[in-house]
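These notes concern the structure reproduced below.
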Amino acid sequence: MRIGKSANRGPRSKCGAIACVFLFACTGAHSARGQQIDNAAAIARIDASVKARIDGIAQYTDTEHYKVFHGSEATQPIAEMVVKTTYRPETGKHYDILSQSGSGIALKFGLRPLLDNEKAINEPDKVAMSWINSANYEMALNPGGPVAKEGRMCWELAIKPRRKAPNLVDGTLWVNASDFSIARLEGLSSKSPSMWSGPAHVMRQYMKMDGFAMATHARAETDSMFLGKIVVTIDYEDYLIQPRPSR
């Protein structure tokens, strides 16, 4: 009889253990969603994550595919450009144009100035003014806890530039809840990118590449004097990242 009772307890014990594991997992997930952090601590973690990325990359290359669309609903680009980008902290960004096609006006007044601007703001003595950190932005954490964003749990912050510049965005920042690396940025440029256009509505998405948050897709929409409403998208691919040697 004792052997029989012992045998009957086995399956119940397994079911009980599985139920406990499931309950613990659900409780842990609920706890992760409900975790809290104060504003100052969140900003400090973001600053540390940005600094770790800056200090950790010796150089990188990628392929960037630019497209210009005439109007926010357009599905076919009026101009395209593919470039290979090389970035080194000591020299900034260098672009090699691999191909270009489409409207000469869109290339001349849309994509060429965009590349020139990116090159200018990434010069070694200026690049720090573009970093997404508390030196350049006032940040206010959404106190409701992490939110689901594009399949990831993220902290959400309202951000406001400390000065007006075409490369600084007044809007919303999402950072990964696990390590406070940048996941997404969206908002309105605090200053028009040129005298030929109005402020741009900007969005950039980031993914972890070799441990670093790197841009994967960007979109900007603005009104241009020459083309009317235009949308520029950028897809970033084929990253080759050279990390700095560990000290």
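The values are calculated or read from the model by the stated rules, or taken from the named source; none is laboratory data. Owing to the predicted nature of the structure, the values given are computational and were not obtained by experimental measurement. Glycine also receives a Cβ, built like all others from the backbone with ideal geometry; neighbour counts cover every protein chain displayed.
Condition check ((1) under 19 Å from the mean Cα position of the chain (by Cα); (2) of a type outside the set (Lys, Arg); (3) not in a helix (DSSP H, G or I)) across all residues:
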| residue | (1), (2), (3) |
| --- | --- |
| Ser49 | yes, yes, no |
| Asp55 | yes, yes, no |
| Tyr60 | yes, yes, yes |
| Thr63 | yes, yes, yes |
| Glu73 | no, yes, yes |
| Pro77 | no, yes, yes |
| Tyr95 | no, yes, yes |
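Ala79 fulfils the conditions (1) at pLDDT 95 or above; (2) not assigned by TED's automatic domain parsing to the domain that holds Asp125 except for a single criterion, (2). Name the residue that is surrounded by the fewest Cβ atoms within 10 Å (Cβ to Cβ), counting only residues in the range 216-246 that are aliphatic (A, V, I, L, M) and touching a Phe, Trp or Tyr at 6+ places or on another chain (Cβ under 6 Å). So the residue we want is Met225. Of all residues in the range 58-77, those satisfying the criterion of being closer than 22 Å to Ile230 by Cα and out of contact with any helix residue (DSSP H, G or I) (no Cβ under 6 Å at 6 or more places or on another chain) are Glu64, His65, Lys67, Phe69, His70, Gly71, Ser72, Glu73, Ala74, Thr75, Gln76, Pro77.
Residues of the range 103-116 that are under 24 Å from the mean Cα position of the chain (by Cα) and surrounded by 13 or more Cβ atoms within 10 Å (Cβ to Cβ): Gly110, Leu111, Arg112, Pro113, Leu114, Leu115.
In the range 82-102, the residue that is farthest from Asn117 (Cα to Cα) out of those that are hydrophobic (A, V, I, L, M, F, W, C) and either at pLDDT below 95 or surrounded by 15 or more Cβ atoms within 10 Å (Cβ to Cβ) (or both) is Val82. Pairing each residue of the range 50-64 that is in contact (Cβ under 8 Å) with a residue 40 or more places away in the chain and in the same structural domain as Tyr95 (by TED's automatic domain parsing) with any residue that is of a type in the set (A, V, I, L, M) and surrounded by 14 or more Cβ atoms within 10 Å (Cβ to Cβ), provided the two are 6+ apart or on different chains, yields C-beta distances under 7 Å for Val50/Ile132; Arg53/Ala213; Ile57/Ile241; Tyr60/Ile241; Thr63/Val82; Glu64/Val83; Glu64/Ile234. Exactly one residue out of Ala120, Ala183, Ala218 is assigned to a strand (DSSP E or B), aliphatic (A, V, I, L, M) and under 19 Å from Glu64 (Cβ atoms): that is Ala218.
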